[in-house]
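The values are calculated or read from the model by the stated rules, or taken from the named source; none is laboratory data. Predicted, not measured: the structure shown is a model, and the values here were computed from it. Here the Cβ is made from the backbone with ideal geometry for all residues, glycine too, and neighbour counts use every protein chain on show.
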Amino acid sequence: MNAIVKATAVCDLHSGSAIDSAASAGLKCLGAAGLDPAEVNVLINVGVYRENNIMEPSIAALIQQKMELNPDPARQDMHRRTLSYDLVSGATGFLNAARLADSLMQTGAAKSVLILSADVHPSGEARPDFPFSTLGAAVLLQASENATQGFGPFAFRTSASGNPGYRSYGALQDFGSEGRRLAIVTQDPGWVDRLETFAVTSGRAFLQQQNIAPDQIDLLVTSQLQAGFPGRLAQQLGLKDDCHAIDRFAIWGDPHTSSPGACLHALQQSGRLTSGKNLLFVSVGSGLSSACALYRV
Amino acid sequence: MSTPVPGSRFESLGVYLPEKVVSTAELVARMPTAPLFDLEKLTGISHRRWRDENDDSHTLALAAAQRCLDASRLKAADLDVLIFTAITRFRDGLCFCAEPAMSLTLKQELGFRDDAMNFDITNACAGMMTGVQILDALIRSGAVRNGMVLSGECITPISETALLEIRDPIDAQFASLTVGDSGAAVIMEAATADDGIEFIDLFTSARFADLCYGMPSDRNPGVAMYTRAMEIHGEVIQRLPDTLGFYSMLNGMNASHIDAVIPHQTSKRAIKSALELCEGSFGKLPETCIALDRYGNTSSTSHLVVLDDYWRQGKIRPGDRVLLLILASGIVMGEAIIKLGQMGV
């Protein structure tokens, strides 16, 4: 059993709440799949930035509450229960979660895994110093017995330099009583250039190590760092001319952890996710860190 | 990618507890108004460990990870994944880290390979056991051969906020006075014929997701936790018997199969009453392992801190089957049944 994409959805309402955005996308996604919400075994939130800088409980639990997914199994039906947690790994969070979902399905531990994301500034406001746009994204993965479809292989990598290039944190001592509303974001000069180089290195190594010829790739989903970035990456990886590298920066800006899910949704909406296509994921972010995966539609 | 295997086991364990000891009496003496109840009597917590001024989640985790590696047959470069699982994500003092992931910096400092996976999981006090369940699935599926689940909980800053802000005799911050700082790490690998994780399941009763919040204070610098303890005890604990009874039906095991039970370390009284409630559906449990009297509630590390403590005392030994009871904000409930073999500590 391996993980396949059953349905996708996005939510572009700007409520200032990562919980609301992700929950709305999640409900739309389950509706699109025609899946009874009670059938979701695992809910993984990969969003990083949340209102009020909430640290506990998991944002995933608050999303689950909003979505009313198996809210009280011990008083309803213990056979229908959902485990929710946050997977925090910045831009690579979605592919880490997909890796977990695939393992859970291979071992029979889960049949349906919902991966959700949305990032908001902790104040809930649109702030010029916050580099990401708020976009809720949802991807429902389900177990399939068709071995010719689904995720895999995956590869994860971090640079050895020790310079993460991008940092974000809450300096609670300095924030005084404003700790719920503030975040500090720093980006080194040339950060996007460094990421581009790292994306190229990681993508090339992945294709080589997995013996995947670049001309086998039909679709590229990568980080939405700036307009033109996906096309440049496709070119530098030597992907074929008609490979579609999805670039929605002009419409969305950078939706950060929602980029893979939202790009998948855009591909599905445009009818490009047709059977037999090979989709390459390359996500890059702070660390530097990268995640690559092949998905066979 | 390696080969799928039937199960995973605890290969080695590392726990770090800071040296500084703070008594409940000292904390109560620092409160502007004395509580209406005897906090030590109510919780059974007489002491907890307290971070040094240079400690944060990162340093506590680093110390635990190094102890775990010292006790292991494996080196950091042999490990395929690092999963960081703390609630508190403090690095460089009280700086709450969003990116890069805590696991990324720790992975580099500990000497993991660049191509090892790393990610952070947050799931309140169930973080480490969620990490254990995830790593078990990754190992069993053959995605990785082995890995480390790691936490550093620099959680006493919530106690400091509570000391400043508690005014009400039933204040939502009283539970913040029960916590203690710690770090814990476990290295897992493919199980042997004689040991391994025999059962693990967690789920979220999200109806109760808003009963306990941790977030920055809106009155002072620092972080606070707000707990509706009465509702947790009144509602959530009542669901434990059905939960354990259901698991017993799934895995065919009850109290008679268990050598020791490690509950999440909230308070002695709450643990005793919860386990008594479960006797009907699960049977009378054997030795209940408690270390909260000395370490307090160490949040996500609690089960491993207790396992380390009892292992060192020889009260839990190779061959024992332990039941870990999981309870956390969310509300996350669950259990793990682990047959322990030779384990580096």
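Could you check segment B:126-143 and list, in sequence order, the residues that are over 15 Å from B:ALA64 (Cβ atoms), within 9 Å of another protein chain (Cβ to nearest Cβ) and touching a strand residue (DSSP E or B) at 6+ places or on another chain (Cβ under 7 Å)? Give the derivation first.
To start, the set of residues in segment B:126-143 that are over 15 Å from B:ALA64 (Cβ atoms) comprises B:126, B:129-130, B:133-143.
Keeping just the survivors that are within 9 Å of another protein chain (Cβ to nearest Cβ) gives B:126, B:130, B:133-134, B:136-143.
Scanning segment B:126-143 gives B:ALA126, B:THR130, B:GLN133, B:ILE134, B:ASP136, B:LEU138, B:ILE139, B:ARG140.
Tell me, yes or no, whether segment B:130-140 has at least one residue that is of a type outside the set (A, V, I, L, M), touching a helix residue (DSSP H, G or I) at 6+ places or on another chain (Cβ under 7 Å) and surrounded by 24 or more Cβ atoms within 10 Å (Cβ to Cβ).
Narrowing segment B:130-140 to residues of a type outside the set (A, V, I, L, M): B:130-131, B:133, B:136, B:140.
Within this subset, residues satisfying the condition of being touching a helix residue (DSSP H, G or I) at 6+ places or on another chain (Cβ under 7 Å) are none.
No; the residues of segment B:130-140 include none that is of a type outside the set (A, V, I, L, M), touching a helix residue (DSSP H, G or I) at 6+ places or on another chain (Cβ under 7 Å) and surrounded by 24 or more Cβ atoms within 10 Å (Cβ to Cβ).
Do the conditions hold for B:ILE326, that is, is it touching a strand residue (DSSP E or B) at 6+ places or on another chain (Cβ under 9 Å), more than 24 Å from B:ARG51 (Cβ to Cβ) and within 14 Å of another protein chain (Cβ to nearest Cβ)? Give the derivation first.
Details: touching a strand residue (DSSP E or B) at 6+ places or on another chain (Cβ under 9 Å): yes; more than 24 Å from B:ARG51 (Cβ to Cβ): yes; within 14 Å of another protein chain (Cβ to nearest Cβ): yes.
Taking the combined requirement at face value, the residue satisfies it.
For segment B:283-319, which positions are of a type in the set (Asp, Glu) and buried (at least 18 other Cβ atoms within 10 Å of the Cβ)? Even if it seems obvious, please write down each step before you answer.
First, the residues of segment B:283-319 that are of a type in the set (Asp, Glu): B:287, B:293, B:308-309.
Of everything in segment B:283-319, those that are of a type in the set (Asp, Glu) and buried (at least 18 other Cβ atoms within 10 Å of the Cβ) turn out to be B:ASP308, B:ASP309.
Could you list, in sequence order, all residues of segment A:272-297 that are away from chain B (no Cβ under 13 Å) and among the aliphatic types (A, V, I, L, M)? Break it down stepwise before answering.
The initial filter retains those residues of segment A:272-297 that are away from chain B (no Cβ under 13 Å), namely A:272-282, A:295-297.
Those that are away from chain B (no Cβ under 13 Å) and among the aliphatic types (A, V, I, L, M): A:LEU273, A:LEU279, A:LEU280, A:VAL282, A:VAL297.
Tally time: how many residues in segment B:26-70 are in contact with a strand residue (DSSP E or B) (Cβ under 9 Å, 6 or more places away or on another chain) and part of a loop (DSSP other than H, G, I, E, B)?
5
Quick check: is even one residue across segment A:125-144 modelled with pLDDT of 95 or more and at the interface with chain B (Cβ under 9 Å from one of its Cβ atoms)?
no
So how many residues does segment A:130-141 have that are touching an Asp or Glu at 6+ places or on another chain (Cβ under 9 Å) and of a type outside the set (Phe, Trp, Tyr)? Don't jump to the end; show me each part of the working.
Of the residues in segment A:130-141, the ones touching an Asp or Glu at 6+ places or on another chain (Cβ under 9 Å) are A:130-136, A:141.
From the residues that got through so far, the ones that are of a type outside the set (Phe, Trp, Tyr) too are A:131, A:133-136, A:141.
Summing the residues that are touching an Asp or Glu at 6+ places or on another chain (Cβ under 9 Å) and of a type outside the set (Phe, Trp, Tyr) in segment A:130-141 gives 6.
Within the group A:SER259, A:SER283, A:SER290, which residue is in a helix (DSSP H, G or I) and of a type in the set (Ser, Thr, Tyr)? Reasoning before the result, please.
On the way: A:SER283 fails: in a helix (DSSP H, G or I); A:SER290 fails: in a helix (DSSP H, G or I).
It is A:SER259.
Is it true that A:THR148 is on the phi < 0 side of the Ramachandran plot and either surrounded by 15 or more Cβ atoms within 10 Å (Cβ to Cβ) or touching a residue at least 24 places away in the same chain (Cβ under 8 Å) (or both)? Step through it out loud before you land on a result.
Working: on the phi < 0 side of the Ramachandran plot: yes; either surrounded by 15 or more Cβ atoms within 10 Å (Cβ to Cβ) or touching a residue at least 24 places away in the same chain (Cβ under 8 Å) (or both): yes.
Criteria met by A:THR148.
For residues in segment B:52-72 being within 14 Å of another protein chain (Cβ to nearest Cβ) and under 18 Å from the mean Cα position of the chain (by Cα), which is surrounded by the most Cβ atoms within 10 Å (Cβ to Cβ)? Write out each step before concluding.
At the first step, the residues of segment B:52-72 found to be within 14 Å of another protein chain (Cβ to nearest Cβ) are B:53, B:56-58.
With under 18 Å from the mean Cα position of the chain (by Cα) added as a condition, the list becomes B:56-58.
Values: B:ASP56: 24, B:SER57: 27, B:HIS58: 25.
Ranking the qualifying residues of segment B:52-72, first place goes to B:SER57.
What is the number of the single condition among (1) out of contact with any helix residue (DSSP H, G or I) (no Cβ under 9 Å at 6 or more places or on another chain); (2) surrounded by fewer than 24 Cβ atoms within 10 Å (Cβ to Cβ); (3) at pLDDT 95 or above that B:ASN146 does not meet?
B:ASN146 satisfies every listed condition except (1).
Give the residue that is farthest from the other protein chains (Cβ to nearest Cβ), with candidates limited to residues of segment A:76-118 that are out of contact with any Asp or Glu (no Cβ under 8 Å at 6 or more places or on another chain) and of a type in the set (Val, Ile, Thr).
A:ILE115
I'm told B:ASP115 meets every condition in (1) in contact with a helix residue (DSSP H, G or I) (Cβ under 7 Å, 6 or more places away or on another chain); (2) over 30 Å from B:SER267 (Cα atoms) except one. Can you identify the failing condition by its number?
Result: B:ASP115 fails condition (1) only.
Restricting attention to segment B:73-96, and to residues there that are buried (at least 24 other Cβ atoms within 10 Å of the Cβ) and more than 9 Å from chain A (Cβ to nearest Cβ), which single residue is nearest to B:SER12 (Cα to Cα)?
Checking each candidate, the answer is B:LEU79.
Being out of contact with any helix residue (DSSP H, G or I) (no Cβ under 6 Å at 6 or more places or on another chain), surrounded by fewer than 23 Cβ atoms within 10 Å (Cβ to Cβ) and among the hydroxyl-bearing types (Ser, Thr, Tyr): is that true of B:THR161 here? Reasoning before the result, please.
On the way: out of contact with any helix residue (DSSP H, G or I) (no Cβ under 6 Å at 6 or more places or on another chain): yes; surrounded by fewer than 23 Cβ atoms within 10 Å (Cβ to Cβ): yes; among the hydroxyl-bearing types (Ser, Thr, Tyr): yes.
Against the criterion (out of contact with any helix residue (DSSP H, G or I) (no Cβ under 6 Å at 6 or more places or on another chain), surrounded by fewer than 23 Cβ atoms within 10 Å (Cβ to Cβ) and among the hydroxyl-bearing types (Ser, Thr, Tyr)), B:THR161 qualifies.
Testing A:LEU35 on (1) at the interface with another protein chain (Cβ under 10 Å from one of its Cβ atoms); (2) in a loop (DSSP other than H, G, I, E, B); (3) surrounded by fewer than 24 Cβ atoms within 10 Å (Cβ to Cβ); (4) among the aliphatic types (A, V, I, L, M), one condition comes back false. Which one is that?
Of everything listed in (1) at the interface with another protein chain (Cβ under 10 Å from one of its Cβ atoms); (2) in a loop (DSSP other than H, G, I, E, B); (3) surrounded by fewer than 24 Cβ atoms within 10 Å (Cβ to Cβ); (4) among the aliphatic types (A, V, I, L, M), A:LEU35 misses just condition (1).
Inside segment A:52-68, can you point out the residues that are farther than 30 Å from A:GLY165 by Cα and either assigned to a strand (DSSP E or B) or at the interface with another protein chain (Cβ under 7 Å from one of its Cβ atoms) (or both)?
Selection gives A:ALA61, A:LEU62, A:GLN64, A:GLN65.
Test each condition in (1) among the charged types (D, E, K, R); (2) assigned to a loop (DSSP other than H, G, I, E, B); (3) buried (at least 18 other Cβ atoms within 10 Å of the Cβ) for A:ASP129 and report the one that comes out false.
(3)
State which residue is farthest from the chain's Cα centre (by Cα) when the search covers only segment B:226-252 and only residues that are touching a residue at least 12 places away in the same chain (Cβ under 8 Å) and at the interface with chain A (Cβ under 7 Å from one of its Cβ atoms).
Initial filter on segment B:226-252 (touching a residue at least 12 places away in the same chain (Cβ under 8 Å)): B:226-233, B:235-245, B:247-248, B:250-251.
With the extra rule that they be at the interface with chain A (Cβ under 7 Å from one of its Cβ atoms), the set shrinks to B:239, B:242-243.
Working: B:ARG239: 21, B:ASP242: 23, B:THR243: 20 Å.
Checked segment B:226-252; the qualifying residue farthest from the chain's Cα centre (by Cα) is B:ASP242.
Taking segment B:106-119, which residues are at the interface with chain A (Cβ under 8 Å from one of its Cβ atoms), farther than 20 Å from B:GLY142 by Cα and surrounded by fewer than 23 Cβ atoms within 10 Å (Cβ to Cβ)? Break it down into steps so the answer makes sense when it comes.
Taking segment B:106-119 as the starting set, the residues that turn out to be at the interface with chain A (Cβ under 8 Å from one of its Cβ atoms) are B:107-108, B:114-119.
In the following step, the residues that additionally are farther than 20 Å from B:GLY142 by Cα were identified as B:107-108.
Selection gives B:GLN108 alone.
Which ranges mark the strands (runs of 3 or more DSSP E) fully within segment A:147-248 that have 1 or more residues being of a type in the set (Val, Ile, Thr) and within 12 Å of chain B (Cβ to nearest Cβ)? First the steps, then the outcome.
Details: elements: A:150-158, A:166-171, A:184-187, A:219-222.
Answer list for segment A:147-248: A:150-158, A:184-187.
Taking only pairs six or more apart or across chains, which ones have beta-carbon atoms under 7 Å, a first residue in segment B:258-278 that is modelled with pLDDT under 95, and a second residue that is among the small types (Gly, Ala, Ser)?
Partner pairs satisfying both residue conditions: B:SER267/B:GLY44; B:LYS268/B:GLY44; B:ARG269/B:GLY44.
Being without any contact (Cβ under 8 Å) to a residue 40 or more places away in the chain, at negative phi, surrounded by fewer than 23 Cβ atoms within 10 Å (Cβ to Cβ) and touching a Ser or Thr at 6+ places or on another chain (Cβ under 8 Å) narrows it down to one of A:MET78, A:MET55, so name that one. Break it down stepwise before answering.
On the way: A:MET55 fails: surrounded by fewer than 23 Cβ atoms within 10 Å (Cβ to Cβ).
Testing whether each residue is without any contact (Cβ under 8 Å) to a residue 40 or more places away in the chain, at negative phi, surrounded by fewer than 23 Cβ atoms within 10 Å (Cβ to Cβ) and touching a Ser or Thr at 6+ places or on another chain (Cβ under 8 Å) leaves just A:MET78.
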